[in-house]
Amino acid sequence: MTRTQSRYVCQACGDSFLRWEGQCRSCSAWNTLVETLVREASPAAHRRVAPAASTGPVPLADLTEADVERIPVGIGELDRVLGGGLVPGSLVLVGGEPGIGKSTLLLQAAAGLSAAGPILYATGEESSAQVRLRAARLGLLGSPAAAAVTVFAESSVARILETARAARPVALVVDSIQTATVDELEGPAGSVGQVRESALRYMELAKGDGIAVLLVGHVTKEGSLAGPKTLEHLVDAVLSVEGDRSGGLRLVRATKNRFGSTEEVGVLEMGEAGLREVPDPARAFLVEHDADAPGSVVGATLEGSRALLVEVQALVAPTGYGTPRRTAIGLDPGRLALLVAVLARRAGIGLGSHDVYANLAGGLAADDPGLDLAVAIALASTFRDRPVAAGTVAIAEIGLLGELRSVAGLERRLREAARLGFTRALVPPGRGDPPAIPGIAVVTVRTVREALEVALGPAGG
Ligand code: TYD
Ligand code: MG
């Protein structure tokens, strides 16, 4: 039995309440409750869908290593993030800021997937003419994909589902979940009620009909997907497309993946003809500039099983008046504040009356503590206006006492650094000797003060 009821759904966290209130009791956001008609106890929405053909209980010892079937997307970096390809019947949410390249990525993915069978590309964001323009730019017109990908400019979930059930594509792309509308529900497209119900219906299609569904979701300014609580637990995988829109590099990261590791990232570059793979992702975030620029230090971060070398850039300047600014781009602001404090107390680098800016080059965002040392040296380097010798890479976490702490995957980071031509690495003390890697001199340093001496020379002078 389907009963329709009025509920007040918080547009920030997705929780629903019987009465309107000014503040959401779940997430404390103000003025986010919107009246929404919801189907209560709807058999369709709450039907449990078995993740795979259920065979009843099986002893652990008898479980076979059944390979999950996968359809290659044809974009190596995307396949990597998905765990080897798209799993038939899976529901994948692809999130990212507007303009970051989600539609481009998914049209390219649709073309790649079409080698395995027909693809339905439903767009409520753009007209068919706009999709055709993009396809032309991507060089897809005239390719076999142009015949295998069907474009449907539609936002009604019912009509898209009906078309998908009739056409039986291998995969359905829905661009975007924020334009999807379920006729029976009140509330505008993009409201939490609509987004959640639409996603549930697409899940039924995915699980019930074995059609992989890729949903595009725009990220709001606060950085969360609309109806985040309700969508993220529902889908099999959440991919996020990140990067600096003014630059070309894009990272595709799995923040959830039932069919693979959540740690892998893919690196792509937006060019004139869409997204393409970069030849050597490990060096993609190193910028080309004159060596010996004060304030620039290379660090190595670990993203899943992949080490990426990245340039940390810092600038400090005396504060005119008022409170000094601390600006972190691609780095955690709290972490930056901590490093500024540690430098002041443990290394005599007082930045209390300086504005401090620090960022990762190439639009990379990382919260890897292994970048601490690179950030600290970059700050000291700009403060003393002394460059770090080219070919140096710094890898360590910094503790509150100014001590350097070991990081995960040190050897992998060092190997990548050596492969890319770095000749000297500053690393924290570990158990036993530091890894010996041909081509790179590994220097163990114990404190941030010691690291600054090695990297910049003795203080003063
Ligand atoms: P788009 O995929 O429309 O982003 P989203 O769907 O996430 O909003 O990408 C938009 C940007 O990408 C736009 O600024 C134009 C740029 N772009 C290129 O640089 N090269 C290309 O080949 C394409 C198709 C887009
Ligand atoms: Mg788009």
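Using only Cα atoms, find the angle between the long axis of helix 192-209 and the longest principal axis of the chain, and express it within 0 to 90 degrees, rounded to the nearest 10.
Value to nearest ten degrees: 70.
Going 7 Å from the Cα of Glu35 toward and past its Cβ, which residues in region 187-203 have a backbone nitrogen under 12 Å from where you end up?
Counting backbone N atoms under 12 Å from the label point, the list is 187.
Projected onto the charge dipole of the chain (+1 at Lys/Arg Cβ, -1 at Asp/Glu Cβ, origin at the Cα centre), which of Ser128, Val388, Leu452 gives the Cα projection farthest towards the positive end?
Projecting each Cα onto the dipole axis, the largest value belongs to Leu452.
PRE reach from Ala389 (point 7 Å along Cα→Cβ): which of region 310-332 fall under 16 Å by backbone N?
Under 16 Å, as judged by backbone N against the label point of Ala389, lies no residue of region 310-332.
Per 5 Å bin from zero, what fraction in whole % of the C-alpha pairs of region 296-456 is there, up to the bin with the longest pair?
Taking every Cα pair in region 296-456, the percentages come to 2, 10, 20, 24, 22, 13, 6, 2, 1, 0, 0.
Report relative contact order for region 158-277 in percent, whole number only (criteria: Cα-Cα under 8 Å, sequence separation at least 6).
Computed over region 158-277, the figure is 17 percent.
In whole percent, what relative contact order does the chain give with Cα contacts below 8 Å and a gap of six or more residues?
12
Along the principal axes of its C-alpha atoms, what lengths does the chain span, in descending order and rounded to whole Å?
That gives 79, 54, 52 Å along the principal axes, largest extent first.
Per 0.36 nm of contour for each residue apart, how much would the distance between Glu272 and Arg245 grow if the chain were fully extended, relative to their Cα-Cα spacing?
8.3 nm
Please list, in order along region 353-358, the HN-Hα scalar couplings obtained from phi with the Karplus expression 6.51 cos²θ - 1.76 cosθ + 1.60 (θ = phi - 60°), rounded to whole Hz, x for Gly and Pro.
10, 10, 6, 10, 10, 9
Taking amide hydrogens as modeled 1.01 Å from N in the peptide plane, which residues meet the under 5 Å criterion relative to Arg405, leaving out close sequence neighbours?
Glu397, Ile398, Gly399
For region 362-430, what's the relative contact order in percent, using C-alpha pairs closer than 8 Å and at least 6 residues apart?
34
Between Ala408 and Arg258, take the C-beta separation as r, use R0 = 35 Å, and let me know the FRET efficiency to the nearest 0.05.
Calculated transfer efficiency: 0.90.
Once both labels are modelled 7 Å past Cα along the beta-carbon direction, what's the Ala293-Arg159 spacing in nm?
5.1
Could you give the angle, 0 to 90 degrees to the nearest 10, between helix 102-113's Cα long axis and the longest principal axis of the Cα atoms of the chain?
70
Taking a probe of 1.4 Å, how large is the accessible area per residue of the chain, in Å²?
That works out to 46 Å² per residue.
Between Thr323 and Ala61, what is the FRET efficiency for a Förster distance of 51 Å, r being their Cβ-Cβ separation, to the nearest 0.05?
Details: r = 63 Å, r/R0 = 1.24.
Result of the calculation: an efficiency of 0.20.
Looking at the P(r) of region 76-279, how many percent of alpha-carbon pairs lie beyond 21 Å? Kindly include the intermediate steps, with their values, before the conclusion.
Values: 9923 of 20706 pairs.
Value for region 76-279 (Cα pairs over 21 Å): 48 percent.
What percentage of the solvent-accessible surface of region 76-279, computed with a 1.4 Å probe over protein heavy atoms, is contributed by carbon and sulfur atoms?
Answer for region 76-279 is 52 percent, counting heavy atoms of protein chains only.
Which FRET efficiency value, to the nearest 0.05, is calculated for Ser128 and Asp332 with the Förster distance at 41 angstrom and r the Cβ-Cβ distance?
The computed FRET efficiency comes out at 0.45.
Each residue of region 346-352 in turn: what ³J(HN,Hα) in whole Hz from Karplus with 6.51, -1.76, 1.60 and θ = phi - 60°, glycine and Pro shown as x?
With coefficients 6.51, -1.76 and 1.60, one gets 10, 9, x, 9, x, 10, x Hz.
May I ask for the angle, rounded to the nearest 10°, between helix 372-384 and the longest principal axis of the chain, with both axes built from Cα atoms and the value confined to 0 to 90°?
50
For region 322-461, which whole percent of the accessible surface, found with a 1.4 angstrom probe, sits on carbon and sulfur atoms?
Here carbon and sulfur together make up 52 percent of the probe-accessible area.
Which value in deg cm²/dmol, rounded to the nearest 500, describes the helix-derived mean residue ellipticity at 222 nm for the chain, given -39,500 (n - 2.57) per DSSP H run of n ≥ 4 and division by the residue count?
The helix contribution divided over the chain gives -7500 deg cm²/dmol.
Got a sec to turn the phi values of region 446-458 into Karplus ³J(HN,Hα) couplings, 6.51 cos²θ - 1.76 cosθ + 1.60 with θ = phi - 60°, whole Hz, x for Gly and Pro?
9, 10, 5, 4, 5, 4, 5, 5, 5, 7, 10, x, x
The values are calculated or read from the model by the stated rules, or taken from the named source; none is laboratory data. What you see is a predicted model; the values in this text were computed from it and never measured. Ideal geometry is used to build each Cβ from the backbone, glycine not excepted, and the neighbour counts take in all protein chains shown. Calculation scope for accessible area: heavy atoms of the full protein, side chains included, ligands and nucleic acids excluded. Shrake-Rupley method; radii C 1.70, N 1.55, O 1.52, S 1.80 Å.
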